[in-house]
1. Around Val84, what is the net charge, scoring Lys/Arg as +1 and Asp/Glu as -1 over all other residues with Cβ under 9 Å from its Cβ?
2. If the reach is capped at under 19 angstrom between alpha carbons, list the lysines near Lys168, excluding any in the same chain fewer than eight residues apart.
3. Give the order of Ile22, Ile7 when sorted by the count of other beta carbons within 10 angstrom, beginning with the fewest.
4. Near the amide H of Gly189, under 5 Å away, which other amide H atoms are found, from residues 5 or more places off or on another chain, if H is placed in the peptide plane?
5. If you take every DSSP beta bridge whose two residues both sit in the stretch 7-82, what share of them, in percent to the nearest 5, is antiparallel?
6. If packing is taken as the average count of other Cβ atoms within 10 Å, what order do 159-171, 140-152, 24-36 fall into, highest mean first?
7. Using the Cβ atoms and a cut-off under 14 Å, what net charge is assigned to the surroundings of Asn21, where Lys and Arg are +1 and Asp and Glu are -1?
8. Taking the beta-carbon count within 10 Å as an exposure proxy, list Cys66, Cys57 from fewest neighbours to most.
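Bear in mind that the values in this text are calculations on the coordinates, not laboratory data. Since we're looking at a predicted model, the values are computed, not measured. With ideal geometry, Cβ positions are generated from the backbone for all residues, glycine too; neighbour counts draw on all protein chains shown.
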Amino acid sequence: MAGIRTITFRFDSLLRQDSLNIQERGWFEDWALGQQMLTLAPRENLAPGKRTEVEVCFADGAAPACATFVLVVHPGLGMQEVKVLRQSRPVAHFQQVAKEAEAQVQQCREEVRQLRSERGVPDGLTGAVASGLVNLGRGVDGKDLTDDATEKEGNTLIKDRVFSYRSKERVAVEVYLANPGTTPWTATGAVLRGPKGEVLKPLLLWQPDPIVPAAPGEEGKRGRVVVEVLATEKQARGTYTLILWDATRQRTITLGEVSFP
């Protein structure tokens, strides 16, 4: 869940009207259970990383009898509609499928990590930005957003400079940040959220080094993060909000009014 956007679950089976069980009712401003639909309206300012469960049961008595959903508060990602298709295969079957899929994903992550370490810089538009091969107005369109990008109150890091770039079917945001805290910060996730709630997930997220705090009596070193996503020229129109988070999902940075050339 991200922000206060309403979440709707749509089922292909009738629901038992007395079956709704919300573990943390205080998380939500309101909720409604229909014949084949569940709607939840989360409250504002829920702490990232928190989890709760919601359960509903089906009216026909067939297996599986109920469905339990684990809701996780996330600083940037969120789904507004979830379609739930009920299948009668044994639970063990789905557990095995999920286990095999997770193993494949982990293998792909290791292969990508190894390739990136061997190359030193990432591919695509992010690699061009990281290598210093992109100049404003030459080949790739660029834009200085340092004065335009807005900072959210409570951001973990402080904005220093912000640039955006656009090439054929790709856009990138390059952010320089200062760390006023006491521990280093490394981005592990990012998302660009549009004005209508649409989400552009990163193709690449690149940060050369952790952003470290300033030593006593010294000015802190500005750290660099580049986020690249697939987007056509039409998709890149308008303003977006860039959200970055670390492994804890609690030390976040939100920059508004991000646009592309």
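1. +2
2. Here the lysines satisfying the reach criterion relative to Lys168 are Lys143, Lys201, Lys234.
3. Values: Ile22 17, Ile7 20.
In order of increasing Cβ crowding within 10 Å: Ile22, Ile7.
4. Trp245
5. Values: 19 of 21 bridges.
Just about 90 percent of them are antiparallel.
6. Packing proxy ranking, top to bottom: 159-171, 140-152, 24-36.
7. Working: positive: Arg16, Arg25; negative: Asp18, Glu24, Glu53, Glu55.
Summing Lys/Arg as +1 and Asp/Glu as -1 gives -2.
8. Cys66, Cys57
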